[in-house]
Amino acid sequence: MVQKADKIWFDGKLVPWDEAQVHVLTHTLHYGVGVFEGIRSYVTADGGSAVFRLEEHVDRLFLSAKINEMVIPFSREEICAAIVDTLVANKMAEAYIRPLSFIGAGVMGVFPGNNPIQTIIATWPWGAYLGAEALEKGIRVKTSTFTRHHVNIMMTKSKTCGNYVNSVLAKREALAEGYNEALMLDTEGYVSEATGENIFLVRNGVIKTPPLGSILAGITREAIMLLADDLGYTVVEDRFTRDELYSADEAFFSGTAAEVTPIREVDRRIIGQGCRGPVTGALQEAYFKVLHGENPKYGKWLTRYSVSGS
Ligand code: PPE
């Protein structure tokens, strides 16, 4: 069960957690056109707290809304401020943050008419997304029988609620078969992404990640590419096949929830040494340093706040 916080921000007001409710005829509940974000905040080395890449996440929320022809009746600045207000109200020095904009109740039917666009922001504690050991030891991955979205069926640059039906199907299948995560191939059979993460492989010192075709433009993905460049690695955005992944020296997932999670096995093939590889380890370390405010170059990515009242 998700751990309850005191408040949820709901259309401009902080309301008690249990009172953040919607009508059963909420349009999004029926047809899936809603947009959301996943953001994290961390305790920083100086004892404060910071939200990682808040503006980029809020920009993507508005982009997702635009793609889906939804007009969020708040400005980006108001949503950014509301996120910080929610963290402070809930006294959360570290949290996972979930903004969601959805089409409320009004008319029914596929055409949503002028139903209101409603927005919530919830926060809760969320530890390692793929289990406590995953960050250190790596996870086991299975190529899904479900194909990732065709770019003209679902809008893959949008974090649309309905897009995640595909993710839930794939995740359930992978877990039922004893794996930790599903790897999704695109409609042409090339590696795309996982149910909630982007993917990278490392081979002969070169880092490769699929280009922005059918995948979500991950904010962590972009951060990893910049950090890899800082560390002197060559990063290429290029399509690759599952057998190229089987042949990799290292592989890992990136995402807000998953952070940098090593992959130790794909479809029963051991990747590299079957543990977190050195490049993955270096990138993980660099990423965590940034999150915790220990790399001044990326201080601009942190929105600082304090829950101590000081
Ligand atoms: N691809 C997908 C499909 C995806 O959902 C995510 C984030 C990413 C890539 C990585 O994007 P970014 O967080 O900007 O680096 N998935 C979010 C939801 C996970 C969930 O289970 O819910 C997340 O990581 O917050």
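Values in this text are rule-based calculations from the coordinates and carry no lab data. Model, not experiment: these values are computed from the prediction. All Cβ positions, glycine included, derive from the backbone under ideal geometry; neighbour counts span all protein chains shown.
Here are the numbers:
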{"quantity": "Packing-based exposure ordering (other Cβ within 10 Å, fewest first) of His292, His149, His23", "calculated": "His23, His292, His149"}
{"quantity": "Hull volume in cubic angstrom per residue (convex hull over the Cα atoms of the chain)", "calculated": "131 Å³"}
{"quantity": "Anisotropy class of the stretch 4-84 from Cα gyration tensor, a/c 1.5 cut", "calculated": "oblate"}
{"quantity": "Inter-centroid distance (Cα atoms) of the stretch 250-307 relative to the stretch 12-85, Å", "calculated": "24 Å"}
{"quantity": "Residues whose placed amide H lies under 5 Å from that of Met108, excluding near-sequence neighbours", "calculated": "none"}
{"quantity": "Enclosed volume per residue, in Å³, of the convex hull spanned by Cα atoms of the stretch 214-310", "calculated": "132 Å³"}
{"quantity": "Per-residue HN-Hα couplings for the stretch 143-150 [Karplus 6.51, -1.76, 1.60; θ = phi - 60°; Hz; x = Gly/Pro]", "calculated": "5, 6, 7, 8, 7, 5, 4, 6"}
{"quantity": "Estimated vicinal HN-Hα couplings, Hz - the stretch 15-21 in sequence order (Karplus 6.51, -1.76, 1.60; Gly, Pro = x)", "calculated": "10, x, 2, 6, 9, 7, 10"}
{"quantity": "For the stretch 188-264: rounded, prolate or oblate by the Cα gyration tensor [a/c cutoff 1.5]", "calculated": "rounded"}
{"quantity": "Restraint check, Lys66/Lys137; Lys137/Lys208; Lys7/Lys66; Lys208/Lys289; Lys91/Lys159, Cα-Cα greater than 30 Å", "calculated": "Lys66/Lys137"}
{"quantity": "In Å, descending, principal axis extents of the Cα set of the stretch 101-196", "calculated": "49, 38, 23"}
{"quantity": "Cβ-based exposure ranking for Arg76, Arg140, in which fewest neighbours within 10 Å come first", "calculated": "Arg76, Arg140"}
{"quantity": "Per-residue Cβ neighbour rank within 10 angstrom, fewest leading, Thr119, Thr145", "calculated": "Thr145, Thr119"}
{"quantity": "Phi to ³J(HN,Hα) by Karplus 6.51 cos²θ - 1.76 cosθ + 1.60 over the stretch 260-275, Hz, x for Gly, Pro", "calculated": "10, 10, x, 10, 9, 8, 10, 6, 6, 8, 6, 8, x, 8, x, 8"}
